[in-house]
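Input: a single structure, listed below in structure tokens.
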Amino acid sequence: MQALYAQLLVGLINGSFYALLSLGLAVIFGMLNIINFAHGALYMMGAFVAYFLLNLGGINYWWALLLAPIIVGIFGMILERTMLQWLTGLDHLYGLLLTFGIALIVQGVFQNYFGSSGLPYAIPDQLKGGMNLGFMFLPIYRGWVVVFSLVVCLATWYLIEKTQLGAYLRAATENPTLVRAFGINVPRMITLTYGLGVGLAALAGVLSAPINQVRPLMGADLIIVVFAVVVIGGMGSIMGSIITGFALGVIEGLTKYFYPEASNTVVFVLMVLVLLVKPTGLTGRAA
Amino acid sequence: QDKTVKIGALSDQSGLYADLGGPGSTLAAQMAVEDSGLAAKGWKIDIISGDHQNKPDIGTAIARQWFDVDKVDVIVDVPNSGVALAVNNVIKEKNGVYINSGAATSDLTNAQCSPNTVHWTYDTYMLAHTTGQALVKAGGDSWFFLTADYAFGAALERDTTAVVTANGGKIVGGVKHPLNTPDFSSFLLQAQASKAKIIGLANAGGDTTNTIKQAAEFGIVKGGQKLAALLLFLTDVKAIGLETAQGLNFTETFYWDMDDKTRAFSKRFSGKMKNSAPPTMVQAGVYAGVRHYLKALEALGGNPHDGVKVVEKMKSMPTEDDLFGKGEIQPNGRTIHNAYLFEVKKPSESKGPWDFYKLVGTVAGDQAFTPLSESKCALLKK
Amino acid sequence: MTTLTDDTLPTTPRAMRDEMTVFVVMALLLAAVPFTGVYPFFVMQALCFALLACAFNLLIGYGGLLSFGHAMFLGTAGYCSAHALKVWGLPPELGILVGVAAAFALSIVTGYISIRRQGIYFSMITLALSQLLYFIYLQAPFTHGEDGIQGIPQGHMFGVLDLSKPTVLYYVVLAGFLAGFLLIFRIINSPFGEVLKSIRENEQRAISLGYRTDHYKFLAFVLSGTLAGFAGSLKVFVAQNASLTDVHWTMSGEVVLMTLVGGLGTIFGPVVGAFVIIAMQQYLASFGQWVTVIQGSIFVICVLTFRRGVIGEIAHYFRRSL
Amino acid sequence: MPDTAIAEAPAKAATGGNILQVRNLEAWYGESHILHGINFDVNAGEVVTLLGRNGAGKTTTLKSIMGIIGKRAGSVKFNNQEIIRATSDKIARMGIAFCPEERGIFASLDVRENLMLPPVVREGGLPLDQIFDLFPNLKERLNSQGTKLSGGEQQMLAIARILRTGASFLMLDEPTEGLAPVIIQQIGHTIARLKREGFTILLVEQNFRFASTVADRYYVVEHGKIIDGFSNSELAANMDKLHAYLGV
Amino acid sequence: MADEFILETEGLTKEFAGFFAVRDVALKVRRGSIHALIGPNGAGKTTCFNLLTKFLKPSAGKILYKGQDITAMAPADVARMGLVRSFQISAVFPHLTALENVRVALQRQHGSSFDFWRSKSVLNRFNDRARELLNDVGLSEFANTPAVEMPYGRKRALEIATTLALDPEMMLLDEPMAGMGHEDIDKIAALIKRISAKYTILMVEHNLSVVANLSDIITVLTRGQVLAQGHYSELTKDERVKEAYLGAGHA
Ligand SMILES: Nc1ncnc2c1ncn2[C@@H]1O[C@H](COP(=O)(O)OP(=O)(O)OP(=O)(O)O)[C@@H](O)[C@H]1O
Ligand SMILES: Nc1ncnc2c1ncn2[C@@H]1O[C@H](COP(=O)(O)OP(=O)(O)OP(=O)(O)O)[C@@H](O)[C@H]1O
Ligand SMILES: [Mg+2]
Ligand SMILES: [Mg+2]
């Protein structure tokens, strides 16, 4: 029984990464109608930027948490301005392929310069060590990850679903021309949104740097799972992807305990089941 | 006699294994050609390289094209067991020479052995055997396995289990994890709960480095359990960092800082690498393999462009080079040389950017690799 | 979803004639390959992928359904054919039949599950199904995990055609490709094809005209999956192995890419696209580490500058349907 | 007779200063040239109606003024400021509001969000309670998803939402399409009232009977040009001509 | 009875999360008549259509078509029984030519629509009939024009031609004149009049002159319920109808 609690908690921790990543993806899909395949690569960049900040600039983890998302976000905005922008109004497929291409380029370049086995990034001193919870040893850093990502997720949800800015964004997804004709600088807003989504990915990257290796391919495999989370939650639904993210972490954790071989597969089983019962995901709006 | 040779360095140039093989392997092959001094004797030796992208069909397509169109004589390196086995078939069909250094599967010289193939450097049997035996003897008599859930992981686990039990240890549990798992905490919790003295990591690459990193986070080593990485390369240690990796035990057959000869070679090698990295054991294996191949050609007096014949010649000559020392190639294609048990240094002990290992023990080649009596290779049953 | 193929021109009798002419030219060119010194294995591999891409294109270009899991048919047929040839020792023609039948059965099951989902959800459920299958193949003993099934015997087709001879193999593969291609061409220009197009254009309207649209989409899915399986079975003879790469999602992605590079919803586009991508993989191999960067750049350029794909742009320029 | 002469003649009769001046406006959709030099004026405080057959270019004219047509040329002056090069968000912020013929209700927003969507660009918009007086249906369905409204309710919402913004120059594209006669009458009253409150309105209408109850002046559009124009008082005299133009 | 009324509903109700868009509607459409459904915006007319053609599932009630209970049928099956609708927003297949648009409908009845192995030239046998239909709605000159390129009014006409091709017994037209110029309105009105000789028509329309001229009988719907039913001349005198729909100005 104790072991089970431990697994649940560990699952929740992983869930917070899924939630953060899928949140960024959902923001981008929901607002720009782009399936951002480059998300994994940008997540990886977040981790790398944190590494460079520390090793080249001597800037610590806490600043990296703020700076890396901004830096990667700006990179994302440049991408949006120079490339993605031209795809507005086209089918999803094009955005998906373009961002897939971008992901290949980014990952390829990083691999060229930093190899594929990765670079070390230490846990910040303040978060080192762990607590004995009785049923498990909880590294403090992991506890911090859960709390912090939960806060970020809810803040993002509030911004998009509950503020006027969010309403502009949602409206602009459907009919940018008209929203613009109401007096809103839609292109700028879209650029900023993409920056936000990308920033969230980078944030997840910084958070994971001390846990996982900082590797050029660290996001490449994750991206498919994160897609699945977004789809299960209902494409573009912010709350859907947050909840699904956390829930999937837990479910995966349980699978790792009971039938570990299937732990990579369980998300797809779940996706098939959910889509069979609810064709547009758990909270998806009708197409 | 024809004195032209074409060498194809087939590796993973951009993926998981690019650091331990990749461009470094091509470089190693080049250096082997230069060091052979054959050019001065009128030989014309070319090297081409290719990226198999860890896909068997791309690997075989490249290999086939190299033989059919580019007239390649020998293919070297080929990390990734799946690709390695697929290419093995093509080379046999085309009667080329195959000097594999990067792949771990012991099948290359066992069930799927071929008269055209020489397997240098290491294999799963050797890794399991050396590390397992050493650790049990040092008191690590209860094991828990973290195994990558595919053939390679299963082979490592199976072979290690055999050694551990043969030496009086016991297996208290294990868990199979999927390939490329980003998070191992669940598995580590299970390993922790098992109270095993040794946690054997029967996985590779990113999986191993992530496990080690996260094990440190969960205080596993501090809690008195020991990690045994069954397959770990120099580049992996670099990636994990000494802070986290210190104290790890594992086996390699080559380390750059063994003696003056290896240091001299490594210095030349790293001078030509983009990131100044010293050679890994896979790259060293490529070098040694190509050197031996060229020696065999020289002994034949020319290139007969007949794989079986050349490999027979290679097998008939004892191997000796600066990197692996003396050894031999068994009839099944397995190269035999010393294997070393290493421990990762503490950060305070490390004196340079690549100064990572302490030598803990040496196992003679005939002890480390599959005994011929156990081999199922068809070539042995003549 | 309509923006994908907005450029499709109505097929007029003249268009049909153009297409037949191009087809004959293509067939002749391909038939001449062994006499040109072009490396036949490269062309054979490309032909298998071309057939796969054509099958995929049938679904998206004419049915408006973007499957992101088409590799599952390729891989399944490949594994089954390989197993039949190697373990059961069946002759080539039966080996192919086993593979195609497996793909057919698989497409019925997966089609039944996925066909009612719309747009992106359809893509994702196909992706999920193919990932499931991937993991099954990773575990199943008969696939030999990541080692794959190796050294598959090529054998004698119909007892007479020795497939280990490259030229014979080439013509067999070519014949298979052309047959598959013609079938797809016929499907597109059949009464069924017309209904399919109208469903893609306006599904609600098609329903209100009394079409049970799910049935048509299902048939298209099964046809496409089975043909993709046929490509997979042919590929076994060329590569002589069956491996996990053929079921991995990146393969499904590659098919999308081939089709897009060549021209979505064009008849010849997928063929051209497959040749371009396969050639890229072959000839870029010597660039080592830069391969992915170069590939990525090509996608980006393709999407940004010639979105209609090679054939699509040509067709657009001449205002012809190709 | 040059086009400009037609356009200016009736303008003199109207009240207030000139607020919108359109000269030689041309517009293209991709390759196809739709407007071939449109000329007309709108004076502050009046209701001007563009009439014309299907496809004459009425909607295109409004869109060109709003800056949401890819390619356009000529001159459009709003309050004596040239806006032909401005982007549509700038134009909106200058005080022009546009209600499109396809309504443009946002599916992912509920009715309230749809209503509150356009930012207030200046003082003087209609307060919400007045809007609900005009369109009671909306108040009832405030929390429904925008596109679940009936066709007519969507039309009401589309009009309602630009009344809030404070823009004083409204462009309404076929606001009565698909509406029940009662509602049409209400909209007529609303337009009259907006006019009294100082709004200027440029209307596109097929429903000539409705237009005649609210408009001060008319322009007839055909094949991307203004071919005629007259004031409401001249209507009776021009009835025959109009019938010919519109095929009534 | 079933002969007299082609379509009957009993207690037809549709509820959206507590909101009754259609409530307890009993509608009887006489065979061969033009029956108009009018009512203020949001009265539930389109919802009614969606219920009748099964694009929505009724929350309660029963629908009888030709005496048969069709309440639980799928939309395509209802269409196959000869009950065909048009949409409020015009619905054509944009990249097919007018002729092909009509042919798609003709093809459905002739059972070859699953034949993927035959050449589509077998469809040419429908060309004559398709041309005839296009001719009926005045679109002969547009036969080879893709539908996207046709003016709005012509698309509506095309939609009607397509619907006719199914040889339906009953047609449901949702605001067939919406957004049309006067010219086209007259044309379509004449067309409807003409086809009503053969088919039963149920239509929603806000254009009163059209309703007045065409319909044999009118049902007025408000707030999802039937308010009144009768001939145009009767209804214009009905105060409730005036208030709810026609407005004060109406004589
Ligand atoms: N997006 C578009 N692309 C190409 N042509 C267009 C587009 N929109 C409109 N047109 C064409 O431009 C011309 C003018 O269209 P416009 O919408 O301005 O007409 P309108 O006078 O508003 O007609 P209606 O009364 O039908 O609304 C028409 O011939 C139409 O076919
Ligand atoms: N899917 C839905 N969910 C919730 N409410 C709906 C839905 N569809 C329609 N409604 C509501 O039902 C009512 C009736 O809508 P309907 O479209 O039937 O009206 P209508 O009579 O056709 O009006 P109009 O003449 O304006 O087209 C409206 O108030 C609408 O908001
Ligand atoms: Mg218009
Ligand atoms: Mg309606």
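Here residue E:53 fulfils each of the conditions (1) within 16 Å of residue E:169 (Cβ to Cβ); (2) away from ligand 4 (no atom under 16 Å from the Cβ) apart from (2).
Is there any pair linking a residue in segment E:122-140 that is more than 18 Å from residue E:107 (Cβ to Cβ) to one that is polar (S, T, N, Q), with Cβ under 9 Å and at least six apart or on different chains, and which? Within 9 Å, the pairs are E:139/E:145. Within segment B:170-205, the set of residues being open to solvent by less than 10 Å² (accessible area, probe 1.4 Å) and either in a helix (DSSP H, G or I) or more than 10 Å from every other protein chain (Cβ to nearest Cβ) (or both) comprises B:185, B:186, B:187, B:188, B:191, B:196, B:198, B:199, B:200, B:201, B:202, B:203. Looking at A:60, A:55, A:33, just one residue is among the polar types (S, T, N, Q) and closer than 22 Å to residue A:226 by Cα, and that residue is A:33. Just one of the listed residues (E:44, E:11) is out of contact with any helix residue (DSSP H, G or I) (no Cβ under 8 Å at 6 or more places or on another chain), over 29 Å from residue C:197 (Cα atoms) and surrounded by 23 or more Cβ atoms within 10 Å (Cβ to Cβ), namely E:44.
Does at least one position in segment E:86-95 carry a residue that is within 14 Å of chain D (Cβ to nearest Cβ), open to solvent by 10 Å² or more (accessible area, probe 1.4 Å), more than 28 Å from residue E:207 (Cβ to Cβ) and of a type in the set (A, V, I, L, M)? Within segment E:86-95 (the criterion being within 14 Å of chain D (Cβ to nearest Cβ), open to solvent by 10 Å² or more (accessible area, probe 1.4 Å), more than 28 Å from residue E:207 (Cβ to Cβ) and of a type in the set (A, V, I, L, M)), the answer is no, since none of the residues qualifies.
Counting only helices (runs of 4 or more DSSP H) that sit completely within segment C:158-214, those holding 1 or more residues that are modelled with pLDDT of 90 or more and facing chain E (nearest Cβ under 10 Å) correspond to C:166-188, C:191-201.
In the set (1) crowded, with 21+ Cβ neighbours inside 10 Å; (2) within 14 Å of chain A (Cβ to nearest Cβ), residue D:86 fails one condition alone, (1).
Step by step: first the residues of segment C:5-19, then only those that are under 22 Å from the mean Cα position of the chain (by Cα) and open to solvent by less than 20 Å² (accessible area, probe 1.4 Å), then the one that is modelled with the lowest pLDDT. Which residue is that? Once the filter is applied, the top-ranked residue is C:5. In the set A:181, A:172, only one residue is within 21 Å of residue A:77 (Cα to Cα) and either modelled with pLDDT of 90 or more or within 11 Å of chain D (Cβ to nearest Cβ) (or both); that residue is A:172. If you check residue A:138 against the conditions, is it within 14 Å of chain C (Cβ to nearest Cβ) and either at pLDDT 85 or above or more than 30 Å from residue B:24 (Cβ to Cβ) (or both)? Considered against the rule, which asks whether it is within 14 Å of chain C (Cβ to nearest Cβ) and either at pLDDT 85 or above or more than 30 Å from residue B:24 (Cβ to Cβ) (or both), residue A:138 comes out as no. Residues of segment D:219-234 that are assigned to a helix (DSSP H, G or I) and buried (at least 16 other Cβ atoms within 10 Å of the Cβ): D:232 alone. Confirm whether residue B:307 is surrounded by fewer than 21 Cβ atoms within 10 Å (Cβ to Cβ), of a type in the set (Gly, Ala, Ser), farther than 16 Å from residue B:27 by Cα and at pLDDT below 95. For residue B:307, the condition - surrounded by fewer than 21 Cβ atoms within 10 Å (Cβ to Cβ), of a type in the set (Gly, Ala, Ser), farther than 16 Å from residue B:27 by Cα and at pLDDT below 95 - is not met. Within segment B:1-17, the set of residues being open to solvent by less than 10 Å² (accessible area, probe 1.4 Å) and closer than 14 Å to residue B:103 by Cα comprises B:9, B:10, B:11, B:12. Can you find even one residue in segment E:9-27 that is within 18 Å of the chain's Cα centre (by Cα) and free of Cβ contacts under 8 Å to residues at least 40 places away in the same chain? So far as segment E:9-27 goes, no, none of its residues is within 18 Å of the chain's Cα centre (by Cα) and free of Cβ contacts under 8 Å to residues at least 40 places away in the same chain.
Among all positions in segment D:181-198, there is no residue which is within 10 Å of another protein chain (Cβ to nearest Cβ), within 16 Å of ligand 1 (Cβ to nearest atom) and touching a Gly at 6+ places or on another chain (Cβ under 8 Å). Restricting attention to segment D:131-146, the residues that are without any contact (Cβ under 8 Å) to a residue 12 or more places away in the chain and not hydrophobic (A, V, I, L, M, F, W, C) total 4. Can you name every residue in segment E:147-169 that is open to solvent by 60 Å² or more (accessible area, probe 1.4 Å) and touching a residue at least 60 places away in the same chain (Cβ under 8 Å)? Selection gives E:152, E:167, E:169.
Residues considered: D:157, D:203, D:179. Of these, the only one that is part of a helix (DSSP H, G or I), of a type in the set (A, V, I, L, M) and either within 16 Å of ligand 4 (Cβ to nearest atom) or within 23 Å of residue D:91 (Cα to Cα) (or both) is D:157.
Of the residues examined, residue C:120 is not one that is within 9 Å of chain A (Cβ to nearest Cβ), outside any loop (DSSP other than H, G, I, E, B) and open to solvent by 40 Å² or more (accessible area, probe 1.4 Å).
Being at the interface with another protein chain (Cβ under 9 Å from one of its Cβ atoms) and either part of a loop (DSSP other than H, G, I, E, B) or within 16 Å of ligand 1 (Cβ to nearest atom) (or both) is the requirement here; does residue E:100 meet it? No.
Among the residues of segment A:19-29, is there at least one that is open to solvent by 10 Å² or more (accessible area, probe 1.4 Å), part of a helix (DSSP H, G or I) and under 21 Å from residue A:219 (Cα atoms)? The answer is yes; a qualifying residue exists. So is residue D:230 in contact with a Lys or Arg (Cβ under 8 Å, 6 or more places away or on another chain) and not aliphatic (A, V, I, L, M) or not? So residue D:230 fits the description; yes.
When C:22, C:87, C:38 are screened for being open to solvent by 30 Å² or more (accessible area, probe 1.4 Å) and modelled with pLDDT of 90 or more, only C:87 passes. Just checking, does segment D:98-116 include any residue being within 16 Å of ligand 4 (Cβ to nearest atom) and on the phi > 0 side of the Ramachandran plot? Yes: one or more hits. Before we move on, is residue B:142 of a type in the set (Ser, Thr, Tyr) and open to solvent by 10 Å² or more (accessible area, probe 1.4 Å)? Criteria met by residue B:142. Here are B:312, B:298: which of them is open to solvent by 10 Å² or more (accessible area, probe 1.4 Å), in contact with a Leu (Cβ under 7 Å, 6 or more places away or on another chain) and farther than 30 Å from residue B:161 by Cα? Result: B:298 is the single residue among B:312, B:298 that is open to solvent by 10 Å² or more (accessible area, probe 1.4 Å), in contact with a Leu (Cβ under 7 Å, 6 or more places away or on another chain) and farther than 30 Å from residue B:161 by Cα.
The values are calculated or read from the model by the stated rules, or taken from the named source; none is laboratory data. The model shown is predicted, which means the values in this text are computed figures rather than measured ones. Please note: Cβ atoms are built from the backbone with ideal geometry, for glycine as well, and neighbour counts cover all protein chains shown. Surface areas here come from the heavy atoms of the whole protein model, side chains and all, with no ligands, DNA or RNA. Shrake-Rupley method; radii C 1.70, N 1.55, O 1.52, S 1.80 Å.
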